[in-house]
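K.L.:
Quick one: this structure, given as structure tokens, is what I'll be asking you about.
The values are calculated or read from the model by the stated rules, or taken from the named source; none is laboratory data. None of these values were measured; they are calculated from a predicted model. Here the Cβ positions follow ideal geometry from the backbone for every residue, glycine too, while neighbour counts run over all protein chains shown.
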Amino acid sequence: MTAHEYLGPLRERPFRMLWLGQTASSVGDAVIYIALVFAVLDVGSKADLGLILAAFWLARTLFLLVGGVWADRLPRRVIMLACDGVRAAIEAFTCVMVLRGDMEIWMFLVTGAVFGAAAAVFGPASTGLIPQLVSGEGLQRANALLGLSRSAVNIAGPAVSGVLVAAFGPGWVFGINSFSFVISAAFLVMLRVPPRAAPERQTFFADLARGWREVSSRTWLWASMIVFSFSNIAIAALTVLSAVVADEELGGAKALGIMGAGASLGGVLGGVYALRARPSRPLLVQFLIMIPLAFHLFLLIPPAPLAVLTVTAAAWVFGVQAGNAIWEANLQRRIPQDAMSRVSSYDWLVSIVFMPVGLTLAPIAADSFGLDATLAACATLTLVANLAILLVPSVRNLRGIGVAPAAAVPAAPAPHYESAGGAPQADLP
């Protein structure tokens, strides 16, 4: 297969518009975190920063399932446009207030929560939109291209952000992030989406239940999500504990930065692999390439040479990036379009809920049981989980390209509820 064929989804104008918009948005995502840290610390404390990040993640968690239901009910492109508009407005407001010196902690809390809610609604709509734009054979390459652009931007993004904050202050970086959402929205406006049949009108909770039936009726799906939860706990713990190891035993921030650069490069290589790979048993490959995460954790006890740790950091992020593209393509091929966003929202929920669990418990466990014991437990957890899942026949034997059925699993009679109304790298306010 030639490079021209690897980039095949970009020849389809609708996907090209989506990719350009998401790449522009990724630029903003890559520079905003450092600006947020310095903007908050200028007017508050580290505890305030923790509260603001918690507000973002809590709102994102609470609105994920809402986003999944809306994205299956309404035109996904319209939902994404609305979310981009909300986030652009929030970041523009923050830019102005920070530049004027009028931004207060309560404002950061409110804007962080609204930003998190918009991100939660955007994610399932975006995942559900891709199979409307790309044919089944090109789905893995399409997801790989989206992940590849994010990884490539993340290599230089934090460094560029640091330079911008040092030179001009954090306010202007919020303006850059706002403009990135404007660009994303502009490409969405130019995107033409094939029409899809209007879904049957149900209550909000009946829609949620129908999405859950799509998950629970597929053993390979719910079993995989359980393993993802274990891996996400280990990844979150690694985020905290690798910084401790670097500070205490590897010489500090420089070592952590070198491992981070290796991880970013691994993400790019994982995207390139996903462009080329056509595994006959995709989930078998996906879980096997996640095993280097366990090796990296084990090699921190005591820490191996920095060069070795940089290679294993690249290897496990390679597995995450390639595995994400493989996983999302299989969801998009096998889940019916009228339930795709709801299933995606459950998938996102598992990923997001367990990250704060790992971030919170890892330092507590390290203080109680020791750093090495905590690292060993996390390594064992992810190693056992990613090997044990291969004992499940529907995971091990799932074959390459599947085609989503025309309709979702038939809805069982649902009780009458009042309608509640009408997503290992996340964007931050």
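K.L.:
Quickly run through the range 157-188 and pick out the residues that are under 17 Å from T23 (Cβ atoms), in contact with a helix residue (DSSP H, G or I) (Cβ under 7 Å, 6 or more places away or on another chain) and modelled with pLDDT of 90 or more.
P.N.:
Those that are under 17 Å from T23 (Cβ atoms), in contact with a helix residue (DSSP H, G or I) (Cβ under 7 Å, 6 or more places away or on another chain) and modelled with pLDDT of 90 or more: I176, N177, S178, S180, F181, V182, I183, S184, A185, F187, L188.
So that you can scan it fast, the table gives a plain yes or no per residue for (1) more than 23 Å from L381 (Cβ to Cβ); (2) under 17 Å from the mean Cα position of the chain (by Cα); (3) not aliphatic (A, V, I, L, M):
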residue	(1), (2), (3)
E200	yes, no, yes
F205	yes, no, yes
M225	no, yes, no
A236	no, yes, no
A246	no, no, no
L250	yes, no, no
L265	yes, no, no
L269	yes, no, no
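K.L.:
Please go through the range 1-25 and give me each residue that is modelled with pLDDT of 90 or more and among the polar types (S, T, N, Q), ordered by number.
P.N.:
Once the filter is applied, which keeps residues that are modelled with pLDDT of 90 or more and among the polar types (S, T, N, Q), the range 1-25 yields Q22, T23, S25.
K.L.:
Can you tell me which residue in the range 181-213 is surrounded by the most Cβ atoms within 10 Å (Cβ to Cβ), limited to those that are of a type outside the set (K, R) and closer than 30 Å to P393 by Cβ?
P.N.:
The residue in question is G211.
K.L.:
For the range 193-287, which helices (runs of 4 or more DSSP H) that fit wholly inside it have 3 or more residues that are within 30 Å of A366 (Cα to Cα)?
P.N.:
In the range 193-287, the matching helices (runs of 4 or more DSSP H) lie at 219-249, 253-276.
K.L.:
Now for a separate question. Pairs only if they're at least six apart or on different chains, beta carbon under 8 angstrom, first in the range 57-77 and acidic (D, E), second assigned to a helix (DSSP H, G or I); list them, first residue then second.
P.N.:
The qualifying pairs are D72/G128; D72/D207; D72/G211; D72/D338; D72/A339; D72/M340; D72/S341; D72/R342.
K.L.:
Right, S216: over 30 Å from D42 (Cα atoms) and surrounded by fewer than 18 Cβ atoms within 10 Å (Cβ to Cβ) or not?
P.N.:
Yes: the conditions hold for S216.
K.L.:
Taking the options A322, A315, A339, A373, name whichever one is under 23 Å from L238 (Cβ atoms), more than 19 Å from the chain's Cα centre (by Cα) and part of a helix (DSSP H, G or I).
P.N.:
Of A322, A315, A339, A373, the one residue that is under 23 Å from L238 (Cβ atoms), more than 19 Å from the chain's Cα centre (by Cα) and part of a helix (DSSP H, G or I) is A373.
K.L.:
When you look at A166, is it within 23 Å of the chain's Cα centre (by Cα), on the phi < 0 side of the Ramachandran plot, part of a helix (DSSP H, G or I) and surrounded by fewer than 16 Cβ atoms within 10 Å (Cβ to Cβ), yes or no?
P.N.:
It is false that A166 is within 23 Å of the chain's Cα centre (by Cα), on the phi < 0 side of the Ramachandran plot, part of a helix (DSSP H, G or I) and surrounded by fewer than 16 Cβ atoms within 10 Å (Cβ to Cβ).
K.L.:
Tell me, which residue of the range 100-150 that is closer than 18 Å to G323 by Cβ and hydroxyl-bearing (S, T, Y) is surrounded by the most Cβ atoms within 10 Å (Cβ to Cβ)?
P.N.:
T127
K.L.:
Can you find a residue that is crowded, with 22+ Cβ neighbours inside 10 Å, over 20 Å from L381 (Cα atoms) and not hydrophobic (A, V, I, L, M, F, W, C) anywhere in the range 271-280?
P.N.:
The answer is yes, given that some residue of the range 271-280 is crowded, with 22+ Cβ neighbours inside 10 Å, over 20 Å from L381 (Cα atoms) and not hydrophobic (A, V, I, L, M, F, W, C).
K.L.:
With the condition kept exactly as written, say whether any residue in the range 349-363 is aromatic (F, W, Y), surrounded by fewer than 14 Cβ atoms within 10 Å (Cβ to Cβ) and either at pLDDT 80 or above or within 30 Å of E248 (Cβ to Cβ) (or both).
P.N.:
Checked the range 349-363: no residue is aromatic (F, W, Y), surrounded by fewer than 14 Cβ atoms within 10 Å (Cβ to Cβ) and either at pLDDT 80 or above or within 30 Å of E248 (Cβ to Cβ) (or both).
K.L.:
Still on this model: Determine whether V153 is surrounded by 17 or more Cβ atoms within 10 Å (Cβ to Cβ) and over 18 Å from the mean Cα position of the chain (by Cα).
P.N.:
no
K.L.:
Can you spot a residue in the range 80-89 that is over 24 Å from A142 (Cα atoms) and crowded, with 20+ Cβ neighbours inside 10 Å?
P.N.:
Looking for residues that are over 24 Å from A142 (Cα atoms) and crowded, with 20+ Cβ neighbours inside 10 Å, one finds at least one in the range 80-89, hence yes.
K.L.:
Kindly provide the set of residues from the range 336-347 that are surrounded by 24 or more Cβ atoms within 10 Å (Cβ to Cβ) and touching a Leu at 6+ places or on another chain (Cβ under 8 Å), ordered by number.
P.N.:
M340, R342, V343, S344, S345, D347
K.L.:
State which residue is nearest to T127 (Cα to Cα) when the search covers only the range 296-325 and only residues that are crowded, with 17+ Cβ neighbours inside 10 Å and among the aromatic types (F, W, Y).
P.N.:
Taking the candidates together, the pick is F318.
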